[in-house]
Each structure stands twice: as structure tokens, then as C-alpha cells.
Amino acid sequence: MKDMPKRWAYKHGAYYYRPRPEERDQFEGKAWYRLGKSYGEALRAYANIQDIQLSDKMSSIIDRYQTEILPKRGTSTQNGYNVALRRLRSGMGHNPVASITPKFAYQYLDALAKAKGMSVANTDLKVLNQVLNSAVRWGVIERNPLKGTVKYFGKRDGLQKERNRYVEDWELAAWQSVATPQQRAFAAIVMLTGIRKGDCLSIMEAHITDETLTVHVSKNSRPVVFEMTKALRAAIEQAQECKPAPSLYLLPNRFGRCQISASGKSQPFDDKWRQTMRTAIKETDLEEAFTRHDLRAKVGSDAEDERRAQELLDHSDPSITRQHYRRKKRAIRPVK
């Protein structure tokens, strides 16, 4: 038919658009994309296509997210998100934001799960949702098309079970028998407060008074104040007594500096932890290693109830506490 827009065609009673090869991933991979039976219907569909072609590219939205939103996150979160954002930029950065559909997202996630595993794919989906939520906030798109439609990989898909290691009291005592004095002080503070490893290693002497211990939470940049109890005072004094060098930090490295690097890593501390774990397994009855994070989960598990666990772990969402930190098996009371 004459006077049709460029790259249009009419066949079998309908109008079609013929995407260029580099555009086809936006049109379900088709060389002939059906617009509609009537000319008016086809024009409306074509107008939508033009909006997609002219919309912001994902790469520009990812760049803006990294500049405006990501710096507000904690250091460890930034490190993990930056890795995911590099994958997203490589995999879909050239696509318009408006072309990111559930079908497109599933294709990306399935390919990534096959190459790197379902856990990595879930991470990218989480970050992609954050980016698209920001795009909605900035007025680039009307809504996040993945929200409530694209599901994460789970146990039914074959994803490895979430970590459920619960550290028994005797296991903690076995490790403490071979741990360094600083490690024992670190564990004592964590077991009393439930704070994260990085926040514990970042405590400074200025954060300690006769009445309180103030912990600056890196995850949300919010201070948490603990009442100074006899047990907490004893743990702090234990840490002060075993400092390897004069320092403004409570648990410094051998040079007196903070054990958390600018990139959020604590490699020497982690290496020493693994070393004493191997020693404990070799020389005591301990059979399975546990991590610093497992101690935090033990605090959540040993708390008298879920509300107290949520308070100690500083969670805004109780479902996080319930799902990841209440690991201790509890007996269920029968009806009678």
C-alpha cells in the first residue's frame, strides 16, 4: 500500500512493522511485528513504538542511579550493587527503559542463571527493580513493569537453601578456647548487641561513655545507642586490654588503624577468623565452622521473642528477622 510509514508493510489483512536487526530484541525477536488490522490501530501501536525508541536508555538510568541513589547505601551494599549494575549495563544498557518487559527480564535472568547461577540472577533482579523504581520516581516510566510479575528463583527451582546454621553454646565455647583475645572480645560484643561485623570493628573510643555505647550503623547511617550493662562494660574492657597498638578504635588492627578498609573489606580479620576456625575443628569437638554473621543470627535466634530479636538486629521489616535470623528450632505445643 502507498503512503505507509517507512518499514511498514501490509499483508494477510494486517499492518506490520519490520524492525531493523539491532531493534529486534525489543520486538520479541521478530522480523515482522504485527501492528494491527486497521490503519488507526496500527498508527496507535506505531506511536507507542516510537515512544519506546525515543525513551531514555537503560545505561543512562543506571548511571543516574549510581550517581544519585547508590552513594546513600552502605559500603558493602554499594560494592555488591556495583557488580550487578555492571552486568545489567552490559546485558541491557542499550535498550530503552520502556522496552524492559517481564518477558525480556525473564530471558535475561534465565540466561544469567545458566551462566552464573540462580543466586546471582536473583541479585540482578533485586537491583534491576531498584533501578526501575527510581525511573518511576524520576518520571521516565509510569510504573515498574516487573513489580509483582517477575518472580525470584526459589527452592522449587533448585536454588540452594538459605543458610540455617545455628551456633550452639558449646560450639561457641569450643572456638573461644583457641581464639585470640581480640576475637573473643569481638564475639562478646556481637553476642550482647547483635551488631554487624563492620559496625563492631568501626567502634571508636569516642563512642563509649559510662552510660552508653553508640554504634553507627553503616547500612542506614543511623546511630544505635545501647545501655551500658555490666556484661557490655566487661566486653569493652576486654577489647581495650588486648589492643595490639594504641588506637582511637576499640578493635584496631596491628597498626592501630580500623580493620575495615575504605572499600568495606576486612581481609586480615577474616583470614585470622578462618585460621582459628580450622584450629578449633582440629583441636576441639567443633565439627563445622561458623561465620561472624552466624553469631548475629544466634543473637536473633536466642532472643526471647521476635520483637526483641528485631530490636537487637535493628531490622525495619520483621519478615527479615523471621526468615533469616530466627534459626533455632523450637518445639511446637500440641493442641492438648
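The values are calculated or read from the model by the stated rules, or taken from the named source; none is laboratory data. These numbers were taken from a predicted model, which means no experiment stands behind them. Cβ atoms come from the backbone with ideal geometry, glycine included; neighbour counts cover every protein chain shown. Surface accessibility is based on the protein's heavy atoms, side chains included, excluding ligands, DNA and RNA. Shrake-Rupley method; radii C 1.70, N 1.55, O 1.52, S 1.80 Å.
The table below gives the values:
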item: The lone exception for Asp199 - which of (1) acidic (Asp, Glu); (2) assigned to a helix (DSSP H, G or I); (3) farther than 27 Å from Ser301 by Cα it fails; result: (3)
item: Scan of the stretch 277-298 for residues that are open to solvent by less than 10 Å² (accessible area, probe 1.4 Å) and either assigned to a loop (DSSP other than H, G, I, E, B) or under 21 Å from Ser177 (Cβ atoms) (or both), ordered by number; result: Met277, Ala280, Leu286, Phe290, Asp294, Leu295, Lys298
item: Members of the stretch 1-17 found to be open to solvent by 90 Å² or more (accessible area, probe 1.4 Å), modelled with pLDDT of 85 or more and in a loop (DSSP other than H, G, I, E, B), listed by number; result: His12
item: Residues being farther than 22 Å from Gly139 by Cβ and in a helix (DSSP H, G or I) - total across the stretch 86-118; result: 17
item: Boolean, Glu22 is among the acidic types (Asp, Glu) and either open to solvent by 80 Å² or more (accessible area, probe 1.4 Å) or under 30 Å from Ser218 (Cα atoms) (or both); result: yes
item: Count of the stretch 241-255 residues which are hydroxyl-bearing (Ser, Thr, Tyr) and under 18 Å from Val190 (Cβ atoms); result: 1
item: Residues satisfying the stated conditions in the stretch 213-236, i.e. open to solvent by less than 40 Å² (accessible area, probe 1.4 Å) and among the β-branched types (Val, Ile, Thr); result: Thr214, Val215, Val217, Val224, Ile236
item: Count of residues meeting criterion [aromatic (Phe, Trp, Tyr) and in a helix (DSSP H, G or I)] in the stretch 130-173; result: 1
item: Candidate set: the stretch 164-183, residues that are in contact (Cβ under 8 Å) with a residue 24 or more places away in the chain and within 28 Å of the chain's Cα centre (by Cα); chosen: the one nearest to Arg257 (Cα to Cα); result: Gln183
item: Flag for Thr321 being in contact with a helix residue (DSSP H, G or I) (Cβ under 6 Å, 6 or more places away or on another chain), under 29 Å from Gln259 (Cα atoms) and modelled with pLDDT of 90 or more; result: no
item: From the options Gly158, Gly194, residue that is surrounded by fewer than 15 Cβ atoms within 10 Å (Cβ to Cβ) and modelled with pLDDT under 90; result: Gly158
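This table checks each residue for (1) modelled with pLDDT under 90; (2) out of contact with any strand residue (DSSP E or B) (no Cβ under 9 Å at 6 or more places or on another chain); (3) of a type in the set (Val, Ile, Thr).
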| position | (1), (2), (3) |
| --- | --- |
| Gly91 | no, yes, no |
| Asn95 | yes, no, no |
| Thr101 | no, yes, yes |
| Tyr108 | no, yes, no |
| Lys116 | no, yes, no |
| Gln130 | no, yes, no |
| Leu146 | no, yes, no |
| Thr149 | no, yes, yes |
| Arg165 | yes, yes, no |
